[in-house]
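Written out below as structure tokens is the structure these notes cover.
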Amino acid sequence: MRKITAVFVFFLCLKTFAQQKDSRMSREDYIEKFKIEAVKDMLKTGVPASITLAQALLESENGNSPLAVNANNHFGIKCHDWKGERYYHDDDKRHECFRKYDSVLESYDDHSEFLRTRERYAFLFTLSRTDYKGWAQGLKKAGYATAPDYAERLIKIIEDAKLYSLDKIDRASSIGYTASAEKSIKSIPQAVETQIKTGYTNDVKCVFAHKGDSFKSIAEAAGISMSRLMKYNETDREPALRDGDRVYLQPKRRKCRKERYHTAGSGDTIYAISQQYGVRMKFILKRNGLNPGDKLYYGQKIRL
């Protein structure tokens, strides 16, 4: 009887193992399942779809890692200043804290937001979105991962799966899709570049407003929330925009990289100077020994 029981348990374990093995997602399955979201994200944020997918594939083991399965964390993002749920997992150190998400798509959104809102990654957004090698090498340089061959591994995944072809898509409807994905595709906005004119000031991505533009219209076109747009532009109320005004789509920098000083003109304010040069107000105030609300005099030299 014991022998029969032992044999039964052995085959039951074998069957369970086989089922678990069969349920693991392949790289091809993962790409097919999430490529639309990666392109949708690219058109909103500027992060190349090939990079998003390659990082997700590598960090989540094609969606099969314990972190991905138990916490919907497909990019290995640790807690840092995270206010949400947490998941503890052994990584470089034992029992490290990782962000836990309600869904995989929330993980994708947070990954792009993580890159867009941290100054050490800002230089990546000066690269072309088709420069996947530059992005891969830049992520390693900025310290996204500790593996010495991190960039090479991302590049290999992208080239093996030809993910670079996704970076050239201007509209998500260009992707082949199944009927089940049709609803998602129809909700994807056009690329920012086809709706608003973007550029860079102080290596910070921004929109140069035209007559009739508003924060609301720019936020909708750029695919970001009004609250985040206002935060990037350091204002708690929507200002009236003039032709040529800069509206930043990323956090401004600590200092100006090209100019050392600004000579104040009639009616100049710290806010106007901050917007002109892409430098955060608190750093301009601190650098010049000023307080919020201080008036500038004509000809005053402002350190940037």
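Structural remarks
Listed here are the residues, each with its yes/no results for (1) buried (at least 19 other Cβ atoms within 10 Å of the Cβ); (2) in contact (Cβ under 8 Å) with a residue 40 or more places away in the chain; (3) part of a strand (DSSP E or B).
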residue	(1), (2), (3)
MET230	no, no, no
GLN250	yes, yes, no
LYS258	no, yes, no
SER266	no, no, no
SER274	yes, yes, no
LEU290	no, no, no
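Residue-by-condition table, conditions (1) of a type in the set (A, V, I, L, M); (2) at pLDDT 90 or above; (3) outside the structural domain of LYS40 (by TED's automatic domain parsing):
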position: ALA71; (1), (2), (3): yes, yes, no
position: ARG86; (1), (2), (3): no, yes, no
position: HIS89; (1), (2), (3): no, no, no
position: LYS93; (1), (2), (3): no, no, no
position: PHE98; (1), (2), (3): no, yes, no
position: PHE114; (1), (2), (3): no, no, no
position: THR117; (1), (2), (3): no, no, no
position: SER128; (1), (2), (3): no, no, no
position: TRP135; (1), (2), (3): no, yes, no
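The values are calculated or read from the model by the stated rules, or taken from the named source; none is laboratory data. Values in this document were obtained by computation on a predicted structure and should not be read as measured data. Virtual Cβ from ideal backbone geometry, glycine too; neighbours counted across all protein chains shown.
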